[in-house]
Amino acid sequence: QVQVVESGGGLVQPGGSLRLSCAASGSIFGINPMSWYRQAPGKERELVAAMYNGGHTNYADFVKGRFTISRANAKNTVYLQMNSLKPEDTAVYYCNVLVTGSGRNWWGQGTQVTVSS
């Protein structure tokens, strides 16, 4: 069993910043990748950013240059630094981890990010 817990969401004004955190624990031999997704009301869940072992990253076009994903491997923790936030970034942000060996995906419960003046 794997537990995935996100934190750091909230209400922020346009142009502001937030930092999300995600910690995975449980029966984990390895994780690759650790990713952030988001889902806005009435829309499908979409990939925001992913970080792979070795440091390779992948970003959605709509966050390039504004968001940065980073990872503390020893702690199975991933962060998402979000700068220059826009109202269209409003969504529930989910952390996803792919556990190596089992090949199973695990999701967190999500954290709400609201960008509004």
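The values are calculated or read from the model by the stated rules, or taken from the named source; none is laboratory data. The structure displayed is predicted, hence computed values, not measured ones. These area figures cover heavy atoms from the full protein model, side chains too; ligands, DNA and RNA do not enter into them. Shrake-Rupley method; radii C 1.70, N 1.55, O 1.52, S 1.80 Å.
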Next on the checklist: Give the aspartates and glutamates whose C-alpha is closer than 15 Å to that of K75, dropping any in the same chain fewer than 8 places away, or say none.
Outcome noted: E6
Checklist outcome for this item: Counting sequence-distant residues (5 or more places) and residues on other chains, those with an amide H built under 5 Å from that of G16 are L85
Checklist entry - Considering only protein heavy atoms, what per residue accessible area in square angstrom results for the range 1-90 with a 1.4 angstrom probe? => result 53
Next on the checklist: Please compute the contact order of the chain in relative form: average sequence separation of alpha-carbon pairs under 8 Å and at least six residues apart, divided by the residue count, as a percent.
Outcome noted: 37
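What part of the accessible area of the chain, given as a whole %, is carbon or sulfur when the probe is 1.4 angstrom?
About 48 percent, which is the carbon plus sulfur part of the accessible surface.
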Next on the checklist: Students often forget the sequence filter, so: which aspartates and glutamates lie under 18 Å Cα-Cα from K86 once same-chain residues fewer than 8 apart are removed?
Outcome noted: E46, D61
Checklist entry - What aspartates and glutamates sit close enough to K43 to cross-link, taking a C-alpha to C-alpha distance under 15 Å and skipping anything fewer than 8 places away on the same chain? => result E88, D89
Checklist outcome for this item: Cα-based Rg then Dmax for the chain, in Å, read 13.6, 45
